[in-house]
Amino acid sequence: MSVNLIWAQARDIHGRIGAIGYKNAIPWFLFEDARYFRDCTYGGTIIMGHKTWDSLPKKPLPGRKNVVLSHRKLSLDGATSYTSLEAALEAEQGDVWIIGGSKLFERAMPFADMLYVTQIDAAVKADTFAPKINPIAWELIDGGKWLVGDATIDGEEKSVKYRFTKYERK
């Protein structure tokens with residue numbers, strides 16, 4: 001089994017790196033990142049917190065086994081529920097993708113083999129941040145090439161630079 005964390009991050013309007021959410025939603029839409037997320041996670045198991053599940057516009061995400069973590073066992077259409085990350089990781093097999101939120105990323109970091117991080121060069125309103133990537137524990141194995149795409153941020157179309165990066169546990 002491989003455990004992977006996947007997220008996209010920008011910077012907040014004050015310049016803090018690692019912005020991933022605002023008011024329980026992703027503060028941008030970048031088609032290329034959505035396609036990358038789908039391509040990476042398709043056919044695997046995605047594990048998310050209950051708030052992330054609630055924020056999904058379409059449930060469950062198709063082509064993946066959807067797993068939701070919550071403090072209490074839930075009955076959800078199209079998803080399996082566990083009360084702990086450890087129980088979910090013990091029960092699931094194959095490629096596992098942790099997709100958020102921020103608290104789950106923090107808890108899952110010690111179990112992860114790889115980090116897939118989309119860097120988006122944009123300033124956004126944010127109240128939720130990704131965990132810091134410790135260079136002592138993680139090696140950047142693919143820095144990605146900067147690309148340009150059209151993103152929707154605060155209801156406006158903007159041209160943004162982005163890149164797909166990968167980190168491997170040392």
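The values are calculated or read from the model by the stated rules, or taken from the named source; none is laboratory data. All values reported here derive from a predicted model rather than from experimental measurement. Neighbour counts are summed over all protein chains in view; Cβ atoms, including those assigned to glycine, are modelled from backbone coordinates with ideal geometry. For the accessible areas, the whole protein counts, side chains as well, though only heavy atoms, and no ligand, DNA or RNA atoms are used. Shrake-Rupley method; radii C 1.70, N 1.55, O 1.52, S 1.80 Å.
Numbers for the structure displayed
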| quantity | calculated |
| --- | --- |
| Positions within the stretch 114-138 being more than 14 Å from Arg16 (Cβ to Cβ) and open to solvent by 70 Å² or more (accessible area, probe 1.4 Å), in sequence order | Asn134, Pro135, Ile136 |
| Yes/no for Ser81 being among the small types (Gly, Ala, Ser), touching a residue at least 12 places away in the same chain (Cβ under 8 Å) and on the phi < 0 side of the Ramachandran plot | yes |
| Number of the condition not met by Val160 [criteria: (1) touching a Gly at 6+ places or on another chain (Cβ under 8 Å); (2) open to solvent by 90 Å² or more (accessible area, probe 1.4 Å)] | (2) |
| Residue match in the stretch 126-141 (condition: part of a strand (DSSP E or B) and touching a residue at least 60 places away in the same chain (Cβ under 8 Å)) | yes |
| Check on Lys59, more than 26 Å from Arg163 (Cα to Cα), out of contact with any Cys (no Cβ under 6 Å at 6 or more places or on another chain), modelled with pLDDT of 95 or more and not in a strand (DSSP E or B) | yes |
| Enumeration of residues in the stretch 142-156 that are open to solvent by 70 Å² or more (accessible area, probe 1.4 Å) and in contact (Cβ under 8 Å) with a residue 12 or more places away in the chain | Lys145, Trp146, Val148, Asp150, Asp154 |
| Lone qualifier among Lys103, Lys145, Lys158 - being in a strand (DSSP E or B) and basic (Lys, Arg) | Lys158 |
| Residue that is most open to solvent (accessible area, probe 1.4 Å), among those in the stretch 1-37 that are without any contact (Cβ under 8 Å) to a residue 24 or more places away in the chain and part of a helix (DSSP H, G or I) | Arg35 |
| Neighbours by Cβ (under 6 Å, 6+ apart or cross-chain): first from the stretch 39-52, buried (at least 17 other Cβ atoms within 10 Å of the Cβ); second among the acidic types (Asp, Glu) | Gly44/Asp95; Thr45/Glu92 |
| For Pro110: the one exception among (1) in a helix (DSSP H, G or I); (2) crowded, with 16+ Cβ neighbours inside 10 Å | (2) |
| Some residue of the stretch 63-72 being within 16 Å of the chain's Cα centre (by Cα), open to solvent by 50 Å² or more (accessible area, probe 1.4 Å), under 24 Å from Ala25 (Cβ atoms) and modelled with pLDDT of 95 or more | yes |
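So that you can scan it fast, the table gives a plain yes or no per residue for (1) modelled with pLDDT under 95; (2) within 15 Å of the chain's Cα centre (by Cα); (3) β-branched (Val, Ile, Thr); (4) closer than 26 Å to Ala88 by Cα:
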| site | (1), (2), (3), (4) |
| --- | --- |
| Ala108 | no, yes, no, yes |
| Met114 | no, yes, no, yes |
| Val117 | no, yes, yes, yes |
| Ala122 | no, no, no, no |
| Phe129 | no, yes, no, yes |
| Asn134 | no, no, no, yes |
| Gly143 | no, no, no, no |
| Trp146 | no, no, no, no |
| Ala151 | no, no, no, no |
